[in-house]
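Every number here is computed from the coordinates shown, using simple stated rules; none is lab data. Not measured: the values here are computed from a predicted model. Please note: Cβ atoms are built from the backbone with ideal geometry, for glycine as well, and neighbour counts cover all protein chains shown.
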Amino acid sequence: MIASLTGKVAEVAGGVCLLEVSGVGYEVRVPLPALEELAQAQGEVRLHTYFHLREDGAQLFGFLHPEEKRIFERIIAVSGIGPKTALSILSVLPVERIRQAVESEDHRLLASVPGVGQKTAQRLVLELRGKLAAYVATQGTGRPGTGGEMADAVEALVALGYQAAAAMGAVEAAMTEDEGRTAPTLVRAALKRLAR
């Protein structure tokens, strides 16, 4: 499986980025906000990719941030939702807004995305509620390198039975005390906070 690609943007058009990697051009479908960034990119860029194989062919989907890829994978795991619809959702809504919409059962916002009707919005809420916090815990923190550790820590706490919102709050508080923490130490610190 192709998990990521690093190369130079050769062309951006029609929802697709042509990324040249060591002389080979990869056609990668990306969300619209990423297309705008890639169109202005200078030098090499890295895309976190998802390889989708179908009976009639194969497609690569790419994301500038790992959180977007993880949310994409969660969305296409929902019954009846394919990569095209998931990409449409990520083109319209940032990952934190998707999480908020799912948690608050905002069917109207989700259904406003092209290709997502009321029934699809209801399925998204039903199957994803309480499951997205670990994937978007680091959006907007501005701390490079901490994303995976925080997401792993939140996911571990949710697996232990804590509510996603409470787990995320405790992990974020623990991270402010020591930005160099690893996921296990974040979990221990967060557990102390949650036990108070």
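In table form, for the structure just shown:
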{"item": "FRET efficiency, Asp56 to Lys119 (Cβ-Cβ, R0 22 Å, nearest 0.05)", "result": "0.30"}
{"item": "Where labels lie 7 Å past Cα in the beta-carbon direction, separation of Ala39 and Thr6 in nm", "result": "2.7 nm"}
{"item": "Within the chain, helix-based [θ] at 222 nm, where runs of 4 or more DSSP H residues each add -39,500 (n - 2.57), nearest 500", "result": "-14500 deg cm²/dmol"}
{"item": "Hits among lysines - C-alpha to C-alpha of Lys131 under 22 Å, sequence gap 8 or more where chains match", "result": "Lys69, Lys84, Lys119"}
{"item": "Principal axes of region 4-63: Cα extent on each, largest first, Å", "result": "36, 25, 17"}
{"item": "Whole-percent pair-distance distribution, where bins are 5 Å wide, for the alpha carbons of region 17-131", "result": "2, 11, 22, 23, 17, 12, 7, 4, 1, 0"}
{"item": "Cα convex hull volume per residue for the chain (Å³)", "result": "135 Å³"}
{"item": "Percentage relative contact order, region 66-128, counting C-alpha pairs under 8 Å, at least six apart", "result": "35 percent"}
{"item": "Sites Arg46 and Glu96 - FRET efficiency at Förster radius 25 Å, r taken between beta-carbons, to 0.05", "result": "0.70"}
{"item": "Cβ-Cβ FRET estimate between Arg188 and Leu18, R0 fixed at 41 Å, reported to 0.05", "result": "0.35"}
{"item": "The chain: relative contact order as a whole-number percent, Cα under 8 Å and 6+ apart", "result": "13 percent"}
{"item": "Net dipole in debye of the chain [+1 Lys, Arg Cβ; -1 Asp, Glu Cβ; about Cα centre; nearest 20]", "result": "600 debye"}
{"item": "Cα principal axis extents for region 66-128, largest first, Å", "result": "26, 22, 20"}
{"item": "For the chain, with +1 on Lys and Arg beta carbons and -1 on Asp and Glu, the positive-most of Val113, Thr49, Ala195 along the dipole", "result": "Ala195"}
